[in-house]
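The values are calculated or read from the model by the stated rules, or taken from the named source; none is laboratory data. A quick note: this is a predicted structure, and the numbers were derived from the prediction, not measured. When we count neighbours, we look across all protein chains shown, and the Cβ atoms used for this are built from the backbone with ideal geometry, even at glycine. Surface areas here come from the heavy atoms of the whole protein model, side chains and all, with no ligands, DNA or RNA. Shrake-Rupley method; radii C 1.70, N 1.55, O 1.52, S 1.80 Å.
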Amino acid sequence: MQKFSKPFRQLKDPRAANALHELVEILFIALAATLCGAQGASDMAMFGRSKEGLLRQFLRLKHGVPSHDTFSRVFRLLEPRAFETVFRRFMAAFAKANGVALTGIVAIDGKALRGAYERGKAATPMHLVNAFAAEARLALASRKAPGRNEVEGALEVLQMLSLEGCIVTADALHCHRAFAQTVLGRGGDFVLALKGNQSKLFEAVARRFARSGRRSAAQRLEPSTHDRRETRRATVIRDASIAAAKLFPGVVALGRITSRRRRRDRAADKPVVRYFLLSIPMSAKRLLQVVRSHWGIENQMHWLLDVVLHEDASRARKDHGPENLAILRRLALNLIRAHPERTSMRQKVKRAAWDDPFLLSLLGHMR
């Protein structure tokens with residue numbers, strides 16, 4: 001509890017001075033409940049009542065377990081940027097204590113919270129931009145996209161991070177000068193997908209690969225999954241002149257990956273060609289690894305948030321509630337993943353709810 005309290009006591013309590021329940025105790029119960037699969041304030045209050053004896057082993061609970069209204073009010077009023085700052089400090093200390101490096105590949109991508117929409121606006125739910133350490137498989141930061149503008153949200157997320165020793169990856173939406181310059185300014189490098197949104201640069205890069213010249217190439221055959229086999233071939237050319245002519249900062253090399261997929265009992269699909277801008281020289285084999293790792297943010301973070309922690313099913317919609325609960329879920333996901341138990345994430349959540357010693361081991365892993 002002390003390790004949790006140290007960073008989270010820095011948060012300003014948004015409630016009146018005569019509030020009965022301590023903010024840190026509310027956040028701790030909410031985190032423990034989320035580790036057990038709680039989806040909202042009512043679940044948190046029920047968890048607290050069910051586990052009151054266990055919680056009193058390390059919480060005072062001077063005025064008993066908070067009600068669901070208290071949990072709801074706290075998360076609606078808590079300042080998300082301050083909560084996010086404390087989350088990042090906590091994760092930096094957590095990674096250091098557990099010998100986890102948060103360098104390497106950092107993937108940036110957006111995610112909609114399907115249930116977090118204003119009344120009558122189901123088609124425009126709240127949009128978050130997430131940063132994910134692909135090799136450590138930990139969530140690093142998130143920020144609500146202002147006006148659902150993922151481009152602006154991504155720039156804000158980058159400004160929150162120290163990117164020394166990191167390679168930032170992003171899809172073609174973020175292949176623009178401001179994103180590249182921000183990554184470089186924060187001390188990182190980038191590998192950005194290049195598509196038609198940068199039409200002139202895209203055409204110039206495609207023409208460059210069509211010409212002969214010195215290049216690095218590598219090929220990889222992916223293991224058969226879902227009745228399909230896929231071959232990827234990467235090519236890297238060192239060339240800074242094309243991007244420089246288009247005033248795109250920092251590019252020192254160009255990448256191309258050609259994918260060929262064949263499904264069982266079917267003819268092979270047409271090849272898919274993708275281009276990339278690189279701010280750091282690398283081999284074609286390394287490019288294959290970097291590009292493949294980017295999709296960890298979808299498969300190892302966004303998918304788990306929805307399937308294991310039921311993020312899309314959350315009905316929190318008011319004030320800062322959706323954003324703050326999203327930050328809490330990312331903290332819970334990191335703790336669940338870092339636990340050494342060799343079982344699935346879903347089973348860890350169920351076991352935490354059923355087995356008090358296992359829940360305590362998840363919480364104790366916060367050291």
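Please determine, by comparing only the residues of the range 260-309 that are closer than 21 Å to Phe209 by Cβ and open to solvent by 80 Å² or more (accessible area, probe 1.4 Å), which one is farthest from the chain's Cα centre (by Cα). Across the range 260-309, the extreme among qualifying residues is Lys270.
The residues of the range 200-215 that are open to solvent by 40 Å² or more (accessible area, probe 1.4 Å) and either within 29 Å of the chain's Cα centre (by Cα) or among the charged types (D, E, K, R) (or both), listed by number, are Lys200, Phe202, Glu203, Arg207, Arg211, Arg214, Arg215. Candidates Gly185, Gly255, Gly165: the one that is on the phi > 0 side of the Ramachandran plot and of a type outside the set (Lys, Arg) is Gly165.
Scanning for something assigned to a helix (DSSP H, G or I) and either touching a helix residue (DSSP H, G or I) at 6+ places or on another chain (Cβ under 6 Å) or open to solvent by less than 60 Å² (accessible area, probe 1.4 Å) (or both), does the range 102-115 turn up at least one residue?
If we filter the range 102-115 for residues that are assigned to a helix (DSSP H, G or I), which is where we start, we get none.
Scanning the range 102-115, I find no residue that is assigned to a helix (DSSP H, G or I) and either touching a helix residue (DSSP H, G or I) at 6+ places or on another chain (Cβ under 6 Å) or open to solvent by less than 60 Å² (accessible area, probe 1.4 Å) (or both), so the answer is no.
Would you confirm, using the coordinates I've provided, whether Met91 is modelled with pLDDT under 95, more than 24 Å from Cys36 (Cα to Cα) and crowded, with 19+ Cβ neighbours inside 10 Å? No. Given the condition out of contact with any strand residue (DSSP E or B) (no Cβ under 6 Å at 6 or more places or on another chain), within 20 Å of Asp356 (Cβ to Cβ), part of a helix (DSSP H, G or I) and of a type in the set (Asp, Glu), answer yes or no: does some residue in the range 44-64 qualify? Looking for residues that are out of contact with any strand residue (DSSP E or B) (no Cβ under 6 Å at 6 or more places or on another chain), within 20 Å of Asp356 (Cβ to Cβ), part of a helix (DSSP H, G or I) and of a type in the set (Asp, Glu), one finds at least one in the range 44-64, hence yes.
Can you tell me which residue within the range 1-41, out of those that are in a helix (DSSP H, G or I) and open to solvent by 70 Å² or more (accessible area, probe 1.4 Å), is modelled with the highest pLDDT?
Here is the first cut: in the range 1-41, the ones in a helix (DSSP H, G or I) are 2-8, 23-35, 41.
Now restrict to residues that are open to solvent by 70 Å² or more (accessible area, probe 1.4 Å): 2-3, 6.
Values: Gln2: 70, Lys3: 71, Lys6: 84.
The qualifying residue modelled with the highest pLDDT is Lys6.
Inside the range 134-169, residues that are aliphatic (A, V, I, L, M) and more than 28 Å from Arg317 (Cα to Cα) make up a count of 5.
One line per residue, one yes/no per condition, for (1) closer than 18 Å to Phe8 by Cβ; (2) in contact with an Asp or Glu (Cβ under 8 Å, 6 or more places away or on another chain):
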{"position": "Glu52", "(1), (2)": "no, no"}
{"position": "Leu61", "(1), (2)": "yes, yes"}
{"position": "Val65", "(1), (2)": "no, yes"}
{"position": "Phe75", "(1), (2)": "yes, no"}
{"position": "Arg88", "(1), (2)": "yes, no"}
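Residues in the range 154-199 that are small (Gly, Ala, Ser), closer than 26 Å to Arg89 by Cα and either touching a strand residue (DSSP E or B) at 6+ places or on another chain (Cβ under 6 Å) or crowded, with 21+ Cβ neighbours inside 10 Å (or both): Ala154, Ala170, Ala180, Gly188. Being free of Cβ contacts under 8 Å to residues at least 40 places away in the same chain, more than 24 Å from Asp69 (Cβ to Cβ), open to solvent by 20 Å² or more (accessible area, probe 1.4 Å) and under 19 Å from the mean Cα position of the chain (by Cα), is that true of even one residue in the range 345-364? Yes, the conditions are met somewhere in the range 345-364.
The number of residues in the range 143-189 that are touching a Gly at 6+ places or on another chain (Cβ under 9 Å) and assigned to a strand (DSSP E or B) comes to 6. Here Ala218 meets the list (1) open to solvent by less than 40 Å² (accessible area, probe 1.4 Å); (2) farther than 27 Å from Gly110 by Cα; (3) part of a helix (DSSP H, G or I); (4) not hydroxyl-bearing (Ser, Thr, Tyr) almost entirely, failing just condition (3).
Within the range 218-241, the set of residues being over 21 Å from Arg286 (Cβ atoms) and either among the hydroxyl-bearing types (Ser, Thr, Tyr) or at pLDDT 90 or above (or both) comprises Ser224, Thr225, Ser241.
Scan the range 120-145 for residues that are farther than 18 Å from His320 by Cα and either crowded, with 19+ Cβ neighbours inside 10 Å or in contact (Cβ under 8 Å) with a residue 40 or more places away in the chain (or both) and report the count. Qualifying residue count for the region: 10. Might you let me know whether the range 221-239 holds any residue that is touching a Lys or Arg at 6+ places or on another chain (Cβ under 6 Å), open to solvent by less than 30 Å² (accessible area, probe 1.4 Å), assigned to a helix (DSSP H, G or I) and over 19 Å from Ser293 (Cβ atoms)? No.
Kindly establish whether Asn197 is within 19 Å of Gly110 (Cβ to Cβ), of a type in the set (S, T, N, Q) and assigned to a helix (DSSP H, G or I). Walk me through it before giving the result.
Working: within 19 Å of Gly110 (Cβ to Cβ): yes; of a type in the set (S, T, N, Q): yes; assigned to a helix (DSSP H, G or I): yes.
Yes.
Is it true that some residue in the range 310-333 is surrounded by fewer than 15 Cβ atoms within 10 Å (Cβ to Cβ), out of contact with any Asp or Glu (no Cβ under 9 Å at 6 or more places or on another chain) and not in a loop (DSSP other than H, G, I, E, B)? No; the residues of the range 310-333 include none that is surrounded by fewer than 15 Cβ atoms within 10 Å (Cβ to Cβ), out of contact with any Asp or Glu (no Cβ under 9 Å at 6 or more places or on another chain) and not in a loop (DSSP other than H, G, I, E, B).
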